[in-house]
Amino acid sequence: MAKRPIRVAIVEDDKEQGELLSSRILRAGDMRLVQVNSRSDRFLESLPILDVDVVLMDINMPGKSGIDCVREAKPRKPQVQYLMLTVLESPAYIFQALCAGATGYLLKNIEPEELLLAVRDIYGGGSPMSSAIARLVVSSFQQQAQQRINDEQLTDREKQILDLLAQGLMYKEISAKTCISIETVRKHVRHIYEKLQVRSRMEAVRKVYPR
């Protein structure tokens, strides 16, 4: 039995961009284009009868934004995967889109083959992101984690030891790496626990570096 093609819909208000995306999907032998829509509200109206696997969703559109569209559409058909396509390299937009229910986030200048690979990836359970977007996400998480550490008023040494704890190092290894005694390491750890109001290494790491 032949494998069923991936059913793809496009929501894009720019006519030229919509035609470009359509041509890429139509040329893929394992995909079928089921809809192209220039407005998110019209996409939502068609969703109840739309048989689709992956939606390529623009963010900046007239009326309801792509993020708001995904937020409204995802609960209706949770199995549908939303791949955001945008020119916006903004952490705020990225996190809003992912929190709304999008599973991938790509820049519009992506190469044609990369786009098709991303559609296959998201259909297969992955979460594709452009490398520039992935760097923004990692950088933002790192900044948030550092801010949490600063907010708890840890000393520089305590921050260093907490980072080593997060890497899975034991007290003996931390002692050797920081050139302080094991007892001093234990003292610093006790202070970290007190300031973070936790009782274990795992709780401390999760509080500062939540997943």
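Some observations on this one:
- So Arg39, is it assigned by TED's automatic domain parsing to the domain that holds Lys108, of a type in the set (D, E, K, R), closer than 24 Å to Gly124 by Cβ and out of contact with any Lys or Arg (no Cβ under 7 Å at 6 or more places or on another chain): no
- Where Tyr105 falls short, out of the listed (1) under 19 Å from Gly18 (Cα atoms); (2) hydroxyl-bearing (Ser, Thr, Tyr); (3) at pLDDT below 80: (3)
- Candidate set: the stretch 101-131, residues that are without any contact (Cβ under 8 Å) to a residue 60 or more places away in the chain and in a helix (DSSP H, G or I); chosen: the one farthest from Ala9 (Cα to Cα): Ser131
- Options Ser127, Ser175, Ser200; residue that is modelled with pLDDT of 80 or more, of a type outside the set (Phe, Trp, Tyr) and in contact with a Leu (Cβ under 9 Å, 6 or more places away or on another chain): Ser127
- Filtered by the rule that a residue be free of Cβ contacts under 8 Å to residues at least 60 places away in the same chain and part of a helix (DSSP H, G or I), the stretch 1-26 gives Lys15, Glu16, Gly18, Glu19, Leu20, Ser22, Ser23, Leu26.
- The stretch 71-86 residues that are surrounded by 17 or more Cβ atoms within 10 Å (Cβ to Cβ), paired with ones that are of a type in the set (Ser, Thr, Tyr) and not in a loop (DSSP other than H, G, I, E, B) (beta carbon under 6 Å, 6 or more apart): Met84/Tyr105
- Unmet criterion (only one of (1) among the aliphatic types (A, V, I, L, M); (2) assigned to a helix (DSSP H, G or I); (3) more than 16 Å from the chain's Cα centre (by Cα); (4) closer than 17 Å to Asp121 by Cβ) for Leu98: (3)
- Count - residues of the stretch 40-56 that are touching a helix residue (DSSP H, G or I) at 6+ places or on another chain (Cβ under 9 Å) and either surrounded by fewer than 22 Cβ atoms within 10 Å (Cβ to Cβ) or at pLDDT below 95 (or both): 6
- Entry remark, the stretch 157-211: residues being under 29 Å from Phe95 (Cβ atoms) and assigned to a helix (DSSP H, G or I) number 19 in total.
The values are calculated or read from the model by the stated rules, or taken from the named source; none is laboratory data. Values in this document were obtained by computation on a predicted structure and should not be read as measured data. Here the Cβ is made from the backbone with ideal geometry for all residues, glycine too, and neighbour counts use every protein chain on show.
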